[in-house]
Amino acid sequence: MKFDTPAGPNPIDRGRVVGIPHDRIDGAAKVTGTAPYAYERHDVAPNAAYGWIVGSAIAKGQIRSMDLRTAEAAPGVLGIVTHANAGALGKGQFNTAHLLGGPAIQHYEQALALVIADTLENARDAAKLVRIDYAPEQGRFDLKAERLHGTMPPASFGSPADTRVGDFDGAFARAAVKIDQSYSTPDHSHAMMEPHATTAAWNGDKLTLWTANQMIAWSVGEMAKTLGIPKENIRLVAPYIGGGFGAKLFLRADALLAALGAKQIGRPVKVAIARPQIPNNTTHRPATIQRIRLGAGKDGVIDAIAHEVWSGDLPGGGPETAAQQTRLLYRGANRITAHRLAVLDLPEGNAMRAPGEAVGMLALEVAMDELAEACGLDPVELRIRNDVQFDPEAGPQRPFSSRKLVECLRAGAQQFGWTKRNPKPGQVRDGRWLVGMGMAAAFRNNITTDSGARIGIDGQGRVTVETDMTDIGTGTYTIMAQTAAEVLGVEVDAVTVRLGDSRFPASAGSGGQWGANSSTAGVYAAAMAMRAKLADKAGYPIDDARFEDGLVKMGNQSQPLGALAGRDGLWVEDRIEFGDLAKRYAQATFGAHFCEVGVDIDTAEVRIRRMGGAFAAGRILNPKSARNQVIGAMTMGAGAALMEALDVDTRFGFFVNHDMAEYLVPVHADIPEQDVLFIEELDDKSSPMKAKGVGELGICGAGAAVANAVYNATGIRLRDYPLTIDKLLHAGMPVVAA
Amino acid sequence: MKAFTYERARSVEAAVKAAASVQSARFIAGGTNLLDLMKLQIETPAHLIDVNHLGLDKIEPTQEGGLRIGALVRNTDLAADQRVRRDYAVLSRALVAGASGQLRNKATTGGNLLQRTRCPYFYDTRMPCNKRRPGSGCGAMQGMSRSLAIVGVSDACIAQNPSDMAVALRLLDAQVETMAQGGAKRTIPLADFHRLPGDTPQVDNALQPGEMILSVTLPKPIGGIHVYRKVRDRASYAFALVSVAAVFGQNGQARFAFGGVAPKPWRTDGADAAASQGAKAVAEAALAGARTTPHNDFKKALLRQTLASLYRQQEAQA
Ligand SMILES: Cc1cc2nc3c(=O)[nH]c(=O)nc-3n(C[C@H](O)[C@H](O)[C@H](O)COP(=O)(O)OP(=O)(O)OC[C@H]3O[C@@H](n4cnc5c(N)ncnc54)[C@H](O)[C@@H]3O)c2cc1C
Ligand code: SF4
């Protein structure tokens, strides 16, 4: 099904099943521990041996020699994979560093060997016995120093590194009110619950990988390229995934090494990347330094806006596109965005939930708060004044497909009780707490990607949906079932959804908040094809056929789906193919975050007291799972504001706090009640579902709302995230004398 | 984790004897610290002696009017004990400020006293660390030292003692009762139990090899208002940046012990003596001779501010 003109009325509009807060259909399996994850596939690979990864102890250099003898002789050891015996390996286009290093070493904890043994304990033990003689080389690890050598990166995903409209310098110079500030954000680790893990088995030259991966079709291709074997010989299976946040978008060392290990020992092998290895072995969200300049009239209307971003990555890597949202969010005739990329020999940077916006909004939305104050305007009002209904770089000929930022700002402010905020910072006391309120806009791109699905109906009228789409905890199973049930006129419990298998039609996969909208649109396409087939079987003209109650009806005739499907059942496959609507219309999701914090007058401890937000993201397919996504993302935003940071040791070139006792993410006690309001919106240019993505929107701006609240509470403006106690003390807390 | 043998001791005497007969044996209590360290091969015992079933899980009154806490009493049970909550509330409060509910259900009084530092370089066996590998250097001192100690440190090591419980026990003048090799019992004041690093940072405490903790005793209750204030980077489930245990008495008298700032639960006579002069004076006395890094220098101010907060609350309640 081509989608190249805006959607008209369609079966999804019935809203009988889609749009209902249906419980997760996989919920019971998950909470009873019967949903099998990649490392627990005893059912399919009962005799799997255990692999343990040996990571590099240096950040850059060469392996002079490896001595495997003691390790090989250790109890239970079945084999050891190294670059020397793995054969020639290619590299996937999405990997910057090699997943198996050596003789060259590209980063700390890069996998240099896989030790395979009969038990996990034996493998882990023997891994300690691999002796590696290193020839270290000087690396570059300090973004602050290396940014000066930053260069312009190539366009990423079709979006150029730099954009320029009008005469920024002139307009900024003339502006009545100017903001010119720098902000910095640290490296972040995804810290998803399930570590990267794979069980691999060969059958002749056919490889099966039970793995934790967000993007099945991509990763089949990447594995084929890495191993130099045909795609057809690889099957990837990932029905359940314990979170990803982008960490599992690409092939990682667990999958490659499990495959190589299984080949070497002629037996299935499973590999998990151990928790303390994850931050340095896998990818992370890169740190940024950002400069923002805003030039506005006294009325707050922006005339000049510039956002420049510096980040670093391994040679051949990519930038953190933190200026992305600044191209689309606010008005202004004179604009600059720019990204510069420095070479760093730290572990490889890559996408983490809302790459670009998540940290870009941490800077832009604080700059807007600063502008509001400089203009003496309410921050909500400032944003309303700078709303723009078209792509401000392209002009009015490229309108937004739908944009309800102003509605979100108003509704969110009302729900939160924003008018109670005292605009003068440092004024409100509640016992030992200085209390402040802050807000920020939310913005995240809406991306659509072609997505396929197959639908079957059996003789009992049961519907089966098959696609390689993944559920990374987001609720995909449920919205797929809802979509098929809606179109075919059956109940959700008459639908079986099977996901995450490369034998199923290729889907959008889970990433960039494109998954839900694109992949349900793929199911919609297949279900509409099924409708045509059923109507044909029933002998009803498709335009007269109604699909209700498990029946195909026309007038007062009807036939059950099961009877039409017959004993052999019916199958159809289709895919949604997106045309150029995303070019003709700017597509994005919007919202407004509000936050109230308390800051201890003596110790500068920050505690979030309330969070609230209003969001517009097209049709909300399932308000329960959508809310779950938004509050989770708001929590992540709070973490980015207050505690999350990988600490770089610039001498050794690694992330020091590489386990969950040291890398802090919010716990329950950090997060109070979160109010989420969805603004009604249908986006007919986004997909036939009229939905947009919502999985990442909630993080974008959430941290800035926290930071702005801290400022409102204390009068201290920190621009270097996270806003920890030491920084607040250094910047002038306590504001009340002891 | 190196392969090891395991036995469940039948009696305290047998446990101590077993510890003496096998080289590099370790007692295992809750295992919440030991097993993590074994997985990383920071601890590599050849033999584990399980001391969980020896009846050392009781809290009993002493003849002197105090309490004897068995070494295997779980942190959760100790914190919830009515006598502890009534007479030694600072201990209860310190315990519940530590770790998580699940960990406290497992963690024991003896094990908690012996938990090792949380210095991140100690935890990565590829990094230099004098505490883990004597003579290899200190990775933290010129590196990421934000969480580490600022008093009582040495050129060899600036690791902090991470325990909350131990800070309260130090404040309460607890004593540790042990049985050494050969079966001899001895009593070690908590003040002397943990060691400063000096040039042997690998030795955390005064126990001899194979010496087992039997119990911890608390003297008679001292009354007063008991507070424990822990300041950290998130609201729960994080180690202290700084913590203050305090008992406020009559006429501006008070006593203080500090966590997160030193290689041992930190207490100075000077700090107690300065009680009537307020937070700033107490902090200065407590941190006399402090030696900070650019990363952890803020702990000086933070300790002062944490004390200021406690004083403010005292005044508000008075
Ligand atoms: C993620 C995490 C967060 C934590 N947060 C905190 C925190 O915020 N505050 C805090 O105070 N603690 C915290 N802890 C530490 C926790 O309190 C300790 O791990 C626990 O108290 C150790 O007790 P255990 O019984 O499990 O000791 P084990 O791990 O069993 O033993 C520890 C050591 O003591 C020895 N040992 C045990 N019993 C005896 C005995 N009777 N005689 C002689 N030797 C003995 C063992 O041989 C071993 O060397 C945290 C731990 C984790 C894992
Ligand atoms: S501070 Fe102590 S524990 Fe930390 S690296 Fe230095 S020697 Fe090791």
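Side notes on the structure shown:
- Conditions (1) closer than 27 Å to residue A:124 by Cα; (2) surrounded by 24 or more Cβ atoms within 10 Å (Cβ to Cβ): number failed by residue A:310: (1)
- Per-region count, region A:683-712, residues over 12 Å from residue A:363 (Cα atoms) and small (Gly, Ala, Ser): 7
- Of all residues making up region B:132-142, the number that are surrounded by fewer than 23 Cβ atoms within 10 Å (Cβ to Cβ) and either near ligand 2 (Cβ under 10 Å from one of its atoms) or closer than 20 Å to residue A:647 by Cα (or both): 6
Conditions tested, residue by residue: (1) outside the structural domain of residue A:483 (by TED's automatic domain parsing); (2) over 30 Å from residue A:525 (Cβ atoms); (3) surrounded by 19 or more Cβ atoms within 10 Å (Cβ to Cβ); (4) small (Gly, Ala, Ser).
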position	(1), (2), (3), (4)
A:41	yes, yes, yes, no
A:48	yes, yes, yes, yes
A:52	yes, yes, yes, no
A:69	yes, yes, no, no
A:73	yes, yes, no, yes
A:77	yes, yes, yes, no
A:97	yes, yes, yes, yes
A:108	yes, yes, yes, no
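- Residues (surrounded by fewer than 22 Cβ atoms within 10 Å (Cβ to Cβ), within 11 Å of chain A (Cβ to nearest Cβ) and more than 6 Å from ligand 1 (Cβ to nearest atom)) located in region B:102-119: B:118
- As a summary of the residue check, residue A:682 satisfies the conditions (1) free of Cβ contacts under 8 Å to residues at least 60 places away in the same chain; (2) in a loop (DSSP other than H, G, I, E, B); (3) surrounded by fewer than 19 Cβ atoms within 10 Å (Cβ to Cβ) except for the one numbered (1).
- Exactly one residue out of A:458, A:450 is acidic (Asp, Glu) and within 19 Å of residue A:576 (Cβ to Cβ), and it is A:450.
- Any hit, region B:210-230, residues being within 14 Å of another protein chain (Cβ to nearest Cβ), modelled with pLDDT of 95 or more and under 30 Å from residue A:648 (Cβ atoms): yes
- Long-range neighbours under 6 Å by Cβ, at least six apart or interchain, first residue within 7 Å of chain B (Cβ to nearest Cβ) within region A:645-670, second outside any loop (DSSP other than H, G, I, E, B) and among the small types (Gly, Ala, Ser): A:666/A:638; A:666/A:639
- Residue match in region B:23-30 (condition: near ligand 1 (Cβ under 9 Å from one of its atoms) and either surrounded by fewer than 19 Cβ atoms within 10 Å (Cβ to Cβ) or free of Cβ contacts under 8 Å to residues at least 40 places away in the same chain (or both)): yes
- Region B:121-131 - residue that is among the hydrophobic types (A, V, I, L, M, F, W, C) and within 6 Å of ligand 2 (Cβ to nearest atom) and, of those, farthest from residue B:41 (Cα to Cα): B:129
- Inter-residue pairs, beta-carbon under 6 Å, first farther than 20 Å from residue B:265 by Cβ and without any contact (Cβ under 8 Å) to a residue 40 or more places away in the chain and in region B:201-215, second small (Gly, Ala, Ser) and assigned to a loop (DSSP other than H, G, I, E, B), 6+ apart: B:208/B:180
- Taking region A:94-183 as the region of interest, the helices (runs of 4 or more DSSP H) fully inside it that hold 1 or more residues being in contact with a helix residue (DSSP H, G or I) (Cβ under 9 Å, 6 or more places away or on another chain) and under 30 Å from residue A:223 (Cβ atoms) are A:120-127.
- Region B:120-131, residues that are within 18 Å of residue A:108 (Cβ to Cβ), within 16 Å of ligand 1 (Cβ to nearest atom) and more than 9 Å from every other protein chain (Cβ to nearest Cβ): B:122
- Qualifying residue in region B:98-120 (condition: under 23 Å from residue A:277 (Cα atoms), of a type in the set (D, E, K, R), at pLDDT 95 or above and within 16 Å of ligand 2 (Cβ to nearest atom)): yes
- Test: residue in region B:165-186 that is within 11 Å of ligand 1 (Cβ to nearest atom), within 12 Å of the chain's Cα centre (by Cα) and in a loop (DSSP other than H, G, I, E, B): no
- Only one of the numbered conditions (1) farther than 30 Å from residue A:1 by Cα; (2) in a loop (DSSP other than H, G, I, E, B); (3) away from chain B (no Cβ under 13 Å) is not met by residue A:733, and that is (3).
- Failed criterion for residue B:273 (all others in (1) away from chain A (no Cβ under 14 Å); (2) in contact (Cβ under 8 Å) with a residue 40 or more places away in the chain hold): (2)
- Tally of residues being assigned to a loop (DSSP other than H, G, I, E, B), surrounded by 15 or more Cβ atoms within 10 Å (Cβ to Cβ) and either within 14 Å of chain A (Cβ to nearest Cβ) or in contact with a strand residue (DSSP E or B) (Cβ under 8 Å, 6 or more places away or on another chain) (or both) across region B:45-61: 5
- Of the candidates A:293, A:331, A:252, the single residue that is touching a residue at least 24 places away in the same chain (Cβ under 8 Å) and either buried (at least 24 other Cβ atoms within 10 Å of the Cβ) or touching a Lys or Arg at 6+ places or on another chain (Cβ under 6 Å) (or both) is A:252.
- Criterion applied to B:318, B:262, B:245, B:286 was being within 17 Å of residue B:227 (Cα to Cα) and crowded, with 21+ Cβ neighbours inside 10 Å, and the one residue passing it is B:245.
- Yes/no for residue A:155 being farther than 29 Å from residue A:62 by Cα, within 27 Å of the chain's Cα centre (by Cα) and modelled with pLDDT under 95: yes
- Those residues of region B:285-306 which are within 17 Å of residue A:728 (Cα to Cα) and either facing chain A (nearest Cβ under 10 Å) or part of a helix (DSSP H, G or I) (or both), in sequence order: B:295, B:296, B:297, B:298, B:299, B:300, B:301, B:302, B:303, B:304, B:305, B:306
- Residue in region B:148-171 that is farther than 23 Å from residue A:659 by Cβ, buried (at least 24 other Cβ atoms within 10 Å of the Cβ) and within 14 Å of chain A (Cβ to nearest Cβ) present: yes
- Annotation note: of B:68, B:86, the sole residue that is in a helix (DSSP H, G or I) and away from chain A (no Cβ under 12 Å) is B:86.
- Residue count, region A:127-145 (criterion: buried (at least 21 other Cβ atoms within 10 Å of the Cβ) and within 11 Å of chain B (Cβ to nearest Cβ)): 1
- Within the set A:488, A:434, the sole residue that is more than 23 Å from the chain's Cα centre (by Cα) and either assigned by TED's automatic domain parsing to the domain that holds residue A:700 or of a type in the set (Val, Ile, Thr) (or both) turns out to be A:434.
The values are calculated or read from the model by the stated rules, or taken from the named source; none is laboratory data. Source: prediction; values computed, not measured. Reconstructed Cβ throughout: ideal geometry from the backbone, glycine too, with neighbour counts over all protein chains shown.
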